[in-house]
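See structure below.
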Amino acid sequence: MCEEPTWDYETLMPTLVTDIQGFSIHDGPGIRTLVFLKGCGLGCTWCSNPECISGRPEVGFVRNLCIQCGDCAGSCSVDALVSEAGRSPEIHRRRCNGCGACAAACARGALVLYGKAMTVDEVFDKVRRDRMFYEASGGGLTVSGGDPLLHPRFVRALFERCRGEGIHTCVETSGYAAWSAFERVLPATDLILYDLKIIDEEAHGRYTGRSNKRILANARRIDESGVETLFRLPLVPGINDSDKNLADTACFLQSLGPRARHLQLMPYHDYGRGKYDSLDRAYIPTDVVAPTAERLEQIRKELAERGIDCSISL
Amino acid sequence: MATLHEVTTDRLAEIDALDLTDRLRALREAVLRAPRMISADRAKLAMESWKETQGEDIEIRRAKLFQKIVENVPMAIHDLDIIVGRETEHLLGAPVFPDETGDALPGLWADDDSVGGMLFEGALSPTDKEVVRETSAFFRGQTAPDQVATAWEAVLGSWASDLTDAKGSDPSPDSGFYPGITARGRWELILSKGMRGMIEEAEAGIRRFQEMKETDVDKLYFWQAAIIVCTAMITYARRYALLARELAAKAGDPVRREELEQIADVCEWVPEHPARTFHEAIQCLNFIQVGRGLEAMYPLLIGRLDQYLWPSFEADMREGRLTLERAAELLGGALTLWGMKLVVPVGKTQRETHQVSFAINSVNLSGVDADGNDVTNDLSYLILHVIGLLKLSAPTVLVNWHSQVPHSLLVKGLETNYRTKGGIPLFENSDHVVASFVADGFSAEEARNWYGQGCVTPILSTRIDHNGCEGKGAVNVAFIFDLTLHRGIAYLTGKKIGIDVGDPREFGTFDELYDAFKRQYEYVVNRFLWLGTLAQSVEPKYLRFPFNSCIAGYGCLEKGQDIMITDADHTYGISDRAIVDVADSLMAVKKLVFDDRTITMDELLRAMDANFEGNEGERIRRLCFNAPKFGNDIDEADFMVREVGRFSGSVINAYQNPFDVPCKISREGLSWHYFGGLGVRALPNGRKAKEPLDDGSMSPMRGMDKQGPTGVLRSVLKAGFDESYASCLNQKYSSTLMRSPESREKLAVLTDTFFRNGGQHIQFNLVDEEELLDAKSHPENHKDLVVRVGGFSAYFVMLSPEVQDDVIYRSEQGC
């Protein structure tokens, strides 16, 4: 008789990680480690992590770090890099396969590889190192991206490892994923940070590239699942801060169970701009200005009048 | 063990709601705007006295010198003063000390204003400059540092001055910096007995001679001197009382008139008698600090302020004699004086090591009592709050972390960090300090009453300490590593300071290199320590501090012995700096030359000798940068730091001083890393010649930690640094990490967790505008700078230029 293999397929399969950030203090309770996974079903115009949208590895070029040393010349095996000493390299995006050889050749860190294939074990080894800080602060792991729900097996396996050592688990999601992905992840999840971007379906499609039907349906099921959930609104002035969208959002939350009366506002910022440049992509919301403190307070009041208690993430 | 005093949440809310009074706001503006002046008055009086007392005993001469100064030095009460007393009549003024340091003011004999320019353009008026020159010439060659230099030269030739010229130590052995000894005021005693009590104690000593129980005449002179200086101090306070009465009579404003009358009443009572009120206690402290500051150049150390003032604060509040507002104003008045106390740097190195010429009047808060109970009280919070409102860069404030410290005090400390834009207060692990003292044979009861000198160096309240004295403040470990690679030849002077440990190109293994460094280190450090010991036997012949002995020296009045007379009850300490620079450098050589054989030793040395210039130099420098660095939770790099730290500690601990008291190692930083780097060539860690060394003694190389704050802390804990009583970890964060109460709460947990796991010290600095601008133009030096906002990941250097400008703008707005 043949025995079941003892190794676990999910834990061995690497997934693309763009960053592992310790001492994260804005995404879930306590002191957390944020793991950013690559790949997202949406393409929001204001996204601050553009390097996490594509599910494939990509090379970024940070111009202000380049000293035009020419060390990267000859490093590319698919002829996607034009480089010589005395000038900044150029990347032929279509040819580039994201192997990262050029980034490895760049000692200055001007060429960076977005997306390093890591196994659950490798990621977990980094995450568990901060255990003393999680324990003291009530923190833990938050998986972000991108949308981690595109990697449900990986996330589930990672979360189970965490639970085995008593580390709190949190997933940050756009909600745009198959329900089966949620079903896989939820049993090992302590907290979900769930984005509600725009309630109007047409507008949602315009700014994110996708209908929000699935997102709203998933939100209901999440709410019914009983897993602790914090709904979040990335507040982008001129796009989703209209009275109508705020009213719609409040209304939607009111239609959920009694626990869904809290909304966290995530004020728009343009810190991700440099990463667009590094990917040779245009930054679209150039005319959007971050909301002022007064405006945030006004929105907080408006939502409070509609029975929604707001916190603001700074 | 318990918390002795519960600070109520109502009281905390009351403290948090306090704002600066109009007077404090105006006082703050005034001192920040005031010209900084150098005054010759003290020097002139010192010279006159010295001429008058020729032939008398040194102790008596020094006492009469003090008396002459405090009875005659010009004084002023400024319009906004609520606590009175300054060393000069200026709002911001510094006396000079030719009687202690000789002719040691840099630039004094130059034709330009370079000597005055040290403090402020035009700080020394032409007439005052003439007097300072005259007095400097008068004392030239006769002072303790002069005599020490002569003794050194007699035994080691020019080695000591060669070491100074090569910038191999801090302060330089010849600098005359801290010719005195450090000890805090015995405030509990002073506040409860007053000067009168001290005088009675000295009289009792003299009676022992009359009763024929004592024969050591040095003791007789000491007790006579004690009576002279304590009486003179009473006279000094009375002069202020008289002045306040005169001003009151002339005051047009009835409120100010009454205030001046009250000031006069207080000055008539303290420091002669025990302080009866909070106001009297603070005024007494200030008089004593000024008195110390008129006698000795560098009288630091206030110590555990919230403890000394607590009895009078508590009684006044209970009896309804004091409001929180009034207490804050009195504290603010005193803290402004202590924070803005100026010192004129002297000697070859001091000017460079301590560019900011403020005395380090360190204030400690919280801590435990002799039994280990937490003694945090309302004043711990109130003092932090007032510091946060005043936003001055000094005094240094140390929050004493211990296992029972209230979490709310850590949070309050971080809020103060944010308000002062970082650095104040620093946090230090008392449990580690106490354990270190106990390991060296002191009792836990005595150890628990430590306080921080300057920044982190712990001193026992009950001991006189020699840290930073006799010219031996710190050993520059990086300098000695540099000597190792260059056969003992110093960079700046080309003179031989070390021994020839062989040509590094000939080293076949890493161990050969490391052994060479060890031999070099033992040679230089043993010589250096020996010079200090020699100085201890020379200095007391030429310099005494009777007033500081009465005030600060535990056992001085009892024994009849000046603070300068060294004995086995004193404690000794030294700082060995730049451990991390050396460990990272060793690591890079190990990796590049011996393990991976990426480059040869010859290639590396050539590149370093060319200061990493040229394409080849740049290439090798990048390899050096990319070698494993401390601060990234990489075992081999962290353990290298542990190894170098332990080795250095073992050399210092093995040195036998005459009294066989263990030498305590504490690695403070100050702004020394700039100076320390000046005499060091390019290093294998990628640092270029003359560039600053690592900031703080546990901080990773600038811009080289890339795992975020927790990664740094894990590396620090792994390296341990247990051989040191105290070390410095300076952390720089952008304001995004500190601006909200929630994030400060998390930083408090981070701090607490770090200490509970053995961390020694942490200090949070907000990255300022200047540094962000530098990060924008020199991103290679600031790769560690993290910007944190929700769900977003990026390093500052990767932000687009527009966004970088925005972050810079926000950092200045404090948002």
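Per residue of region B:524-534, in order, report the coupling 6.51 cos²θ - 1.76 cosθ + 1.60 (Karplus, θ = phi - 60°) as ³J(HN,Hα) in whole Hz, putting x for Gly and Pro.
These are the phi-based 3J(HN,Hα) values: 5, 5, 5, 4, 4, 5, 5, 4, x, 5, 4 Hz.
Output ³J(HN,Hα) for region B:375-386: one whole-Hz value per residue in order, computed from phi by the Karplus curve 6.51 cos²θ - 1.76 cosθ + 1.60 with θ = phi - 60°, and x for Gly and Pro.
10, 4, 9, 3, 5, 4, 6, 5, 5, 4, 5, 5
What's the angle, to the nearest 10 degrees (0 to 90), between helix A:243-255's Cα axis and the longest principal axis of chain A?
The two axes meet at around 70 degrees.
For q values of 0.22 Å⁻¹, compute log₁₀ I(q)/I(0) with the Debye formula on a Cα-only model of region A:125-208, without solvent.
Values, matching the q order: -1.00.
Mind sorting B:ASP146, B:ASP609 by how few other Cβ atoms lie within 10 Å of their own Cβ, fewest first? Present the calculation step by step, with values, prior to reporting the outcome.
Values: B:ASP146 19, B:ASP609 15.
Fewest to most other Cβ atoms nearby, the residues stand as B:ASP609, B:ASP146.
Hey, what number do you get for chain B at 222 nm if only DSSP H runs of n ≥ 4 count, each worth -39500 (n - 2.57), divided across all residues, to the nearest 500?
Details: 34 runs with 421 residues, N = 815.
Value at 222 nm, helices only: -16000 deg cm²/dmol.
Sort B:100-106, B:367-373, B:386-392 by the packing proxy (mean of other Cβ within 10 Å over each peptide's residues), most packed first.
B:100-106, B:386-392, B:367-373
Determine the percent antiparallel among the DSSP beta bridges restricted to the protein assembly as shown, to the nearest 5.
In the protein assembly as shown, DSSP labels about 35 percent of beta bridges as antiparallel.
Report P(r) for region B:553-668: all Cα-Cα distances, bin width 5 Å, range 0 to the bin holding the largest distance, values in whole percent.
Going from the shortest bin to the longest, the percentages are 2, 10, 15, 14, 13, 11, 8, 7, 6, 5, 4, 3, 2, 0.
Under 1.5 on a/c is rounded, so check that first for region B:123-249, then, if it is not, pick prolate when a/b is larger than b/c and oblate when it is not; a ≥ b ≥ c are the square roots of the alpha carbon gyration tensor eigenvalues.
Oblate, because a/c is 1.5 or more while a/b does not exceed b/c.
Based on alpha-carbon positions alone, could you give the equivalent ellipsoid semi-axes of region A:234-314 from the gyration tensor, as √(5λ), descending, whole Å?
28, 13, 11
Using the beta-carbon distance between B:ASP609 and B:PHE659 and R0 = 41 Å, what value does 1/(1 + (r/R0)^6) give for FRET efficiency, to the nearest 0.05? Kindly include the intermediate steps, with their values, before the conclusion.
On the way: r = 44 Å, r/R0 = 1.08.
So the FRET efficiency works out to roughly 0.40.
Given a Förster radius of 35 Å and the C-beta distance between B:SER125 and B:ARG238 as r, what FRET efficiency does 1/(1 + (r/R0)^6) yield to the nearest 0.05? Please list the in-between numbers first.
Details: r = 29 Å, r/R0 = 0.83.
Efficiency, rounded to the nearest 0.05: 0.75.
PRE reach from B:ASN626 (point 7 Å along Cα→Cβ): which of region A:93-125 fall under 19 Å by backbone N?
A:98-117
Partner chain Cβ atoms within 10 Å, averaged over the residues of A:109-119 - can you pull that number for me? Walk me through the numbers on the way to the answer.
Values: counts 10, 4, 0, 1, 0, 0, 0, 0, 0, 0, 0.
Average neighbour count from other chains, rounded to a whole number: 1.
Could you bin all the Cα-Cα distances of the protein assembly as shown into 10 Å bins starting at 0 and give me the percent of pairs in each, rounded to whole numbers?
Result returned by the calculation: 2, 9, 17, 21, 19, 14, 10, 5, 2, 0, 0.
Using only the alpha-carbon atoms of region A:154-307, report the extent along each of the three principal axes, biggest first, to the nearest angstrom.
46, 43, 29
How would you rank B:CYS550, A:CYS99, B:CYS469, going from fewest to most other Cβ atoms within 10 Å of each one's own Cβ?
Values: B:CYS550 32, A:CYS99 16, B:CYS469 27.
In increasing order of surrounding Cβ atoms, one gets A:CYS99, B:CYS469, B:CYS550.
Based on the Cα coordinates of chain A, what is the per residue volume of their convex hull in Å³?
Working: hull volume 50.8 nm³, N = 314.
Per-residue hull volume (Cα only) is 162 Å³.
Can you pull a Stokes-Einstein diffusion coefficient for region B:359-417 at 20 °C (1.002 mPa s), Rh from Kirkwood over Cα pairs, as a whole number of µm²/s?
Approximately 181 µm²/s, per Stokes-Einstein.
Roughly what would the spin-label model give for A:GLN298 and B:VAL155, points 7 Å off Cα along C-beta, in nm?
Computed distance between label sites A:GLN298 and B:VAL155 equals 7.8 nm.
Separation of region B:576-599 and region A:261-278 by C-alpha centroid, Å?
Value for the Cα centre distance between the two parts: 41 Å.
So if each residue of separation counts as 0.36 nm, and I subtract the Cα-Cα distance between B:ASP596 and B:THR323, what length gain in nm does that give?
On the way: separation 273, 0.36 × 273 = 98.28 nm, distance 6.88 nm.
Net length gain for the segment: 91.4 nm.
Sort A:MET13, B:MET701 so that the residue with the fewest other Cβ atoms within 10 Å of its own Cβ comes first and the one with the most comes last.
Fewest-to-most Cβ neighbours within 10 Å comes out as A:MET13, B:MET701.
Per-residue mean of other chain beta-carbon atoms within 10 angstrom of the beta-carbon, peptide B:703-716? Mind showing how you got there, number by number?
Details: counts 0, 0, 0, 1, 7, 8, 6, 11, 6, 2, 5, 5, 0, 0.
Taking the mean over all residues of the peptide, I get 4.
Let's test the formula: R0 of 35 Å, r as the Cβ-Cβ distance of B:LYS391 and B:VAL255. What FRET efficiency results, to the nearest 0.05? Kindly include the intermediate steps, with their values, before the conclusion.
Values: r = 27 Å, r/R0 = 0.76.
Working from the Cβ atoms, E equals 0.85.
Compute the long axis of helix A:293-305 from its Cα atoms, compare it with the longest principal axis of the Cα atoms of chain A, and write down the angle in degrees, 0 to 90, nearest 10.
It works out to around 40 degrees.
Using the Kirkwood formula over every pair of different C-alpha atoms, what hydrodynamic radius in Å results for chain B?
Over chain B, the inverse of the mean reciprocal pair distance is 27.6 Å.
Just so you know, all these numbers are worked out from the coordinates, no wet-lab data involved. Note that this is a predicted model, so its numbers are computed, not measured. Cβ sites come from the backbone with ideal geometry, for glycine too, and all protein chains shown count toward neighbours.
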